[in-house]
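Since the structure comes first, as structure tokens, the remarks are kept for the end.
The values are calculated or read from the model by the stated rules, or taken from the named source; none is laboratory data. These figures come from a predicted structure and were not determined experimentally. Cβ sites come from the backbone with ideal geometry, for glycine too, and all protein chains shown count toward neighbours.
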Amino acid sequence: MQILVTGASGFIGRRLCPALVEQGHDVRAMTRRPEDYDGAGVPVYGDVQTPETLGAALESCDAAYYLVHSLASADFERLDAEAARSFAAAAAAGRIDRIVYLGGLGRTDDDLSPHLRSRREVERLLSESAVAVTTLRAGIVVGHGGISWELTRQLVARLPAMVTPRWVNTRTQPIAVSDVVSYLIGVLDRPEAANRTLEIGGPDVLRYASMMRRLAEIEGRRRLLVPVPLMTPRLSSYWLSLVTDVDTQAGRSLIESMRNEVVVTDDAIRRLVPLEPLGYDAAVRVALAERAAAIQGRP
């Protein structure tokens with residue numbers, strides 16, 4: 001199968017491309033800078049914000065993974081909506097059989113944050129074309145280089161005592177990045193996954209405070225969390241740039257999303273793609289090992 005992967009050099013894409021190649025697929029890695037791409041697959045130029053570039057990128061492809069977002073921009077909701085419309089139209093014109101999209105968990109009837117609301121809008125816009133869409137909704141993805149994970153890791157590493165806002169008591173269902181990749185590949189050739197939204201998560205449902213405490217224990221650190229009930233997600237996002245090097249705008253959007261509970265409510269994916277996901281502690285150890293290897297320059 002010939003497959004286009006958008007966001008090929010991103011957190012998920014750079015892991016998905018080699019996994020698809022290993023499965024025997026022909027991968028086209030879409031990037032705005034193909035001359036700099038050194039990952040798996042054949043690099044092709046494409047930019048979801050420039051619709052005229054998408055036709056050539058999608059040419060002769062059977063399926064496409066949509067893994068891009070504009071969280072680093074304050075105007076990400078508009079930009080992501082425009083990009084989704086353009087990509088859906090180009091995929092339909094190219095007669096693509098399937099789009100696989102990675103979105104976000106969260107109850108639709110909840111007061112979703114702008115970030116999660118935007119993910120739902122992208123999901124809807126992609127599904128308006130004639131192309132079958134499979135959406136996987138995930139919460140925090142644990143893996144070296146992921147923004148949500150880096151927020152968690154750096155907060156624990158750099159703050160011996162942390163004044164914590166209300167969102168630390170919100171429940172989430174973290175999932176290892178390797179399991180996300182396995183699910184993304186697993187739904188690709190499943191006819192019963194077409195035009196469906198499926199929820200994915202690891203086996204542990206945790207509050208953010210528990211995630212941070214367990215990470216600290218694994219690293220051999222002692223961390224004090226001091227709850228401040230009046231500290232909102234928006235207010236807590238303002239000190240983000242002082243204690244982490246995560247992009248401030250992207251981090252702020254993710255912090256604001258932490259007010260929403262993101263847990264799996266339908267485990268249908270487990271029947272479609274049999275998989276025993278890693279537990280949180282195991283996923284953390286893998287992520288820390290990947291970071292250590294990257295620092296030492298090992299592949």
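Which condition number in (1) farther than 15 Å from GLU128 by Cα; (2) in contact (Cβ under 8 Å) with a residue 60 or more places away in the chain is the one that GLU77 fails?
Every condition holds for GLU77 apart from (2).
Which residue out of LEU112, LEU79 is under 20 Å from the mean Cα position of the chain (by Cα), within 23 Å of ARG14 (Cβ to Cβ) and surrounded by fewer than 22 Cβ atoms within 10 Å (Cβ to Cβ)?
Criteria check complete, one pass: LEU79.
Look at VAL68 and say whether it is in a helix (DSSP H, G or I), of a type in the set (Val, Ile, Thr), at pLDDT below 95 and closer than 28 Å to ARG291 by Cβ. Break it down into steps so the answer makes sense when it comes.
Working: in a helix (DSSP H, G or I): no; of a type in the set (Val, Ile, Thr): yes; at pLDDT below 95: yes; closer than 28 Å to ARG291 by Cβ: yes.
No: the conditions fail for VAL68.
Can you tell me which residues in the range 46-57 are surrounded by fewer than 21 Cβ atoms within 10 Å (Cβ to Cβ) and under 16 Å from GLN2 (Cα atoms)?
Answer for the range 46-57, where residues must be surrounded by fewer than 21 Cβ atoms within 10 Å (Cβ to Cβ) and under 16 Å from GLN2 (Cα atoms): GLY55, ALA56.
Applying the selection to the range 11-45, what residues are small (Gly, Ala, Ser), surrounded by 15 or more Cβ atoms within 10 Å (Cβ to Cβ) and more than 15 Å from PHE87 (Cβ to Cβ)?
Within the range 11-45, ALA19, ALA29, GLY39, ALA40, GLY41 qualify.
Taking the stated definitions as given, is ALA88 modelled with pLDDT of 95 or more and over 19 Å from the mean Cα position of the chain (by Cα)?
Working: modelled with pLDDT of 95 or more: yes; over 19 Å from the mean Cα position of the chain (by Cα): yes.
It is true that ALA88 is modelled with pLDDT of 95 or more and over 19 Å from the mean Cα position of the chain (by Cα).
I need the full set of residues from the range 48-65 which are in a loop (DSSP other than H, G, I, E, B), closer than 22 Å to ASN195 by Cβ and out of contact with any helix residue (DSSP H, G or I) (no Cβ under 8 Å at 6 or more places or on another chain), in order please.
CYS61, ASP62
Could you grab the pairs with beta carbons closer than 6 Å, sequence gap of 6+ or different chains, first residue in the range 257-285 and more than 24 Å from ARG190 (Cα to Cα), second one of a type in the set (Gly, Ala, Ser) and modelled with pLDDT under 95?
Taking only residues 6 or more apart or on different chains, the pairs are SER257/SER113; ASN260/GLY106; ASN260/SER113; VAL262/GLY106; VAL262/GLY139.
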